[in-house]
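Report on one structure; see the data block that follows.
The values are calculated or read from the model by the stated rules, or taken from the named source; none is laboratory data. Predicted model only: the values in this text are computed from it and were never measured. Don't worry about glycine lacking a Cβ; one is built from the backbone with ideal geometry, like all the others, and counts go over all protein chains shown.
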Amino acid sequence: MKTPHDFSVSYVEFNVRDLDAASAELTGRYGFRIAGRASSADAESFLLRQGRISLVLTRTLSEAHPAAARVRAHGDGVGDIAMSTADVEGAFRAAVAGGARPVTEPHRRPDGRMTATINGFGDVVHTLVEDDPARPAALPPGFTALDGEERGRADEVLEEIDHFAVCVEPGQLRPTVDYYVRAFGFQLTFEERISVGAQAMDSKVVQSASDGVTFTVIEPVTTGEPGQIDGFLKNHGGPGVQHVAFRAADIVTAVSALRDRGVEFLSTPDAYYRRLADRIQLSRHLPGELQRLNVLVDEDHDGQLFQIFTRSTHPRGTLFFEVIERLGARTFGSGNITALYEAVEAERTGSQSQAPAEATGPRPHTDRPTNPVPHTDPPVCLGDFAEAAAAALSQEVWDFVEGGSGTELTLAANRTGLDRIRIVPRVLSGGPECTTATRLVGAEASMPVAVAPMAYQRLVHPEGERATAAAAVAAGVPFALSMLSSEPVEKVTEFGGTVWFQLYWLRDRGAVGELVRRAEDAGCAALMVTVDVPRMGRRPRDIRNGLALPAGVAAAHLGRGGRSLAHDRRPGVSAVAEHTGEMFAPALSWDDLARLREETRLPLIVKGILDPRDAARAAALGADAVVVSNHGGRQLDGAVASVDMLPEIRDAVPESCRVLLDSGIRSGTDVVKALALGATGVLLGRPVLWGLGAGGADGVRDVLSLLAEELRCALTLAGCGDPAGAHELRIAGDPGARNGAVV
Ligand code: FNR
């Protein structure tokens with residue numbers, strides 16, 4: 001049963017001076033399409049649509065039009081928030097009885113629909129439009145459709161109007177709220193005081209009976225210093241709509257699309273994201289993704305919300321938009337209002353150059369880089385990227401990347417093993433300029449380094465493995481794609497370059513065969529089978545954190561790449577480990593390896609070998625390369641540092657079987673040490689993820705180019721013209737060294 005108080009937003013009318021410019025801004029940047037037009041002797045209007053949102057832009061042609069005075073007083077702004085109701089006459093009578101001032105009496109329009117207009121707050125009015133609030137008509141009264149001229153709907157990212165933020169003069173908050181309760185049957189649903197420094201404001205939320213229309217009404221508290229609400233009232237010339245909030249189904253997609261089209265958003269201090277993990281356990285989206293886009297997060301009893309505010313392009317700074325995604329939450333992000341206002345204040349006090357009129361609306365930090373940059377600028381060693389990544393990632397993701405198994409003895413041993421080794425440099429070799437270029441398992445490489453396979457990179461950055469692959473191509477090094485990647489192999493090989501596909505052994509043997517074919521078809525240059533994970537090592541950090549994948553990150557090659565046990569968050573359980581336990585075959589044997597060798601003509605790399613006897617057997621079965629690795633200290637805690645086994649393994653396999661090393665490589669000198677001990681090259685693990693977390697593809701590229709520079713320097717200082725020259729170096733400090741004297 002429809003009641004006169006069952007309102008929804010029919011359309012929002014903006015009074016504008018320049019109709020073409022305003023519609024170009026909303027269509028070009030915000031993705032609205034022009035769906036209708038209306039004109040009369042004293043005004044012309046466009047109807048803009050997106051999702052269930054209808055905006056009307058009206059330019060007055062004569063001073064007689066009531067909107068002309070509004071534009072003179074305020075500049076462009078919201079003049080009418082039209083509300084649909086099934087019973088215009090009933091709603092009108094009830095409003096007038098509740099104290100509303102009639103602007104236009106109820107009347108039937110030529111198209112047969114009833115309308116009436118009454119006052120709202122300040123000089124903003126409400127046109128009541130006869131409509132079924134649940135199924136509104138396509139056009140407001142008086143508009144004709146522009147079907148032929150409508151743009152496509154493919155890039156629509158905004159769904160509906162969530163709420164209007166209304167600023168009123170001091171002392172007017174209570175009367176305004178009472179008015180909506182009396183005249184329109186709205187309910188007061190939320191109220192609070194927000195204080196930031198010496199400024200404060202009171203806010204109350206009123207909503208129509210079925211939540212179809214929502215106003216957050218704000219007044220400044222006069223005891224504090226004049227703040228942004230005072231600024232709005234001064235520059236706008238009285239009360240009015242400060243911003244309109246649009247609801248999006250997926251804020252990350254929406255904000256990315258809007259940014260791409262040129263919408264500018266307010267930025268948020270990095271400190272906000274550093275504290276985010278303590279404040280909120282995200283149910284959706286990745287912290288790095290939210291930080292990159294500057295999206296704010298808040299939580300109430302009912303769930304979470306994500307929001308962001310656009311930079312005002314209004315000459316007076318008095319109108320902007322909000323994009324909001326609700327995941328159950330019913331409030332309006334008051335926790336964020338403090339953060340937002342702090343950000344704005346920081347900018348206001350930090351910049352003297354803004355015109356006073358511009359300083360009133362929230363303003364962005366325009367000079368903040370899009371990607372968080374490490375503290376040392378530019379980074380001088382790979383560790384600098386770790387700092388930046390730690391700031392960008394949640395504790396849970398950081399621990400997943402950094403952590404090892406057990407008491408992390410092996411994780412630490414990888415570093416002590418490498419640190420113990422000393423290079424004996426050669427001098428006066430008088431060769432031409434040093435090159436780092438080489439060949440790795442049949443592929444050209446700009447240096448003897450490949451990116452190690454690492455699972456679920458979209459946890460670290462929204463572009464995940466695609467960003468890493470693009471950076472590896474730019475750096476000219478092979479990229480090993482984990483079978484547990486969050487992007488499918490076909491999307492990664494798109495970038496070209498050398499991609500190696502890493503396989504784990506699955507219980508479903510058929511699925512392994514299918515993945516081999518898929519990797520071949522996608523153009524991978526080698527298969528890398530990881531043999532040190534009959535089950536996942538016990539990783540205490542992940543267990544304590546109850547590590548689980550968020551929605552939106554999944555193993556792209558398993559099942560249909562959708563929800564799995566890895567998403568099943570439970571305290572004290574690593575859902576990611578549980579998932580691998582469910583999928584991985586615990587009993588990979590040499591026969592399996594032999595069958596795999598027969599199944600593919602691609603070069604085969606066996607990763608995760610520490611015992612020379614296993615290396616010899618893998619080589620005898622036709623492995624083209626072995627990776628001496630303890631999985632970065634993530635599997636058997638107490639296992640030997642991989643570098644300590646390198647010389648023996650080099651000796652155990654024929655020359656034709658290449659030997660790669662990983663676990664603990666952190667610098668160019670580490671690479672030289674590995675080469676001197678007989679490796680053809682190394683795999684780089686965590687530092688790649690530090691770059692990814694710190695700055696996406698750019699961050700990974702910076703990590704790889706810094707490593708190349710360090711390597712060039714180390715080779716030159718060691719008297720080597722190229723990586724092959726390093727094989728002839730003697731090293732000291734390691735009794736097992738191949739050329740080995742301890743000097
Ligand atoms: C890994 N590693 C890994 N190895 C593998 O064969 N398949 C995989 O899916 C993963 N996943 C994975 C995730 C993360 C977050 C890390 C840090 C590591 C191990 C990786 O390939 C490599 O052996 C080590 O990372 C090398 O050690 P460093 O360089 O990280 O010390």
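The combined condition, being of a type in the set (Lys, Arg) and more than 12 Å from the ligand (Cβ to nearest atom), is not fulfilled by ARG666.
Taking region 492-511 as the range and being touching an Asp or Glu at 6+ places or on another chain (Cβ under 9 Å), modelled with pLDDT of 95 or more and under 21 Å from MET583 (Cβ atoms) as the test, the residues that pass are VAL492, PHE501.
When we screen ALA554, ALA566 for residues that are more than 27 Å from ALA623 (Cα to Cα), outside any loop (DSSP other than H, G, I, E, B), of a type in the set (A, V, I, L, M) and within 16 Å of the ligand (Cβ to nearest atom), the only hit is ALA566.
Sort through VAL255, VAL297 and tell me the only one that's part of a strand (DSSP E or B) and in contact with a helix residue (DSSP H, G or I) (Cβ under 7 Å, 6 or more places away or on another chain). Break it down into steps so the answer makes sense when it comes.
Working: VAL255 fails: part of a strand (DSSP E or B).
Selected residue: VAL297, the only one of VAL255, VAL297 that is part of a strand (DSSP E or B) and in contact with a helix residue (DSSP H, G or I) (Cβ under 7 Å, 6 or more places away or on another chain).
Across region 663-677, the number of residues qualifying as among the charged types (D, E, K, R) and crowded, with 23+ Cβ neighbours inside 10 Å comes to 2.
Checked against the criteria, ALA469 counts as part of a helix (DSSP H, G or I) and hydrophobic (A, V, I, L, M, F, W, C).
When we screen LEU593, LEU660 for residues that are surrounded by fewer than 24 Cβ atoms within 10 Å (Cβ to Cβ), within 16 Å of the ligand (Cβ to nearest atom) and under 24 Å from ALA443 (Cα atoms), the only hit is LEU593. Can you confirm whether ALA718 is touching a Lys or Arg at 6+ places or on another chain (Cβ under 7 Å), more than 15 Å from the ligand (Cβ to nearest atom) and farther than 30 Å from GLY581 by Cα? When the stated conditions are applied, ALA718 passes them.
For region 611-634, the set of residues classified as within 12 Å of the ligand (Cβ to nearest atom) and either on the phi < 0 side of the Ramachandran plot or of a type in the set (Gly, Ala, Ser) (or both) consists of VAL627, VAL628, SER629, ASN630, GLY632, GLY633, ARG634, listed by residue number.
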